[in-house]
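Asker: One structure, as structure tokens, below. Some questions next.
Read-outs: derived from the displayed coordinates by stated rules, not from any lab. What you see is a predicted model, and the numbers here were worked out from it, not measured in a lab. Glycine gets a Cβ as well: all are built from the backbone with ideal geometry, and neighbour counts include every protein chain shown.
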Amino acid sequence: MQSELQGELQSDLQIIPDDQLQNLAVPEPDDIPEELLRIEIITEARSPLTGEPLSAAEYAQLLESIQNTPADGSLISSEIRQLIQLLQIRRTLRPVLPFIP
């Protein structure tokens, strides 16, 4: 039974000559290597906030200003921060106490 399977597999396999195999492995002459595509210098960008086109310098400034903004939430007023905390508590308690509106 194994010999029958091996015979079928051998008959199904097609052997590619070495010269054709080498031609398959060589890229086209006008093909740009992937390594060069990875290091391409980006001169145009879009704002992640508004989507408007920016120059490279403007994009760098925008990213720097985004990274320098405080992450503690000081941009949000204390009233809104308190409201968000209350809504989070309500969402946590709602499955346990379904009568909470």
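Asker: Compare the peptides 92-101, 48-57 by average per-residue count of other Cβ atoms within 10 angstrom and give them in order, highest first.
Answerer: 48-57, 92-101
Asker: So how do 89, 42 line up by other beta-carbon neighbours within 10 Å, fewest first?
Answerer: 42, 89
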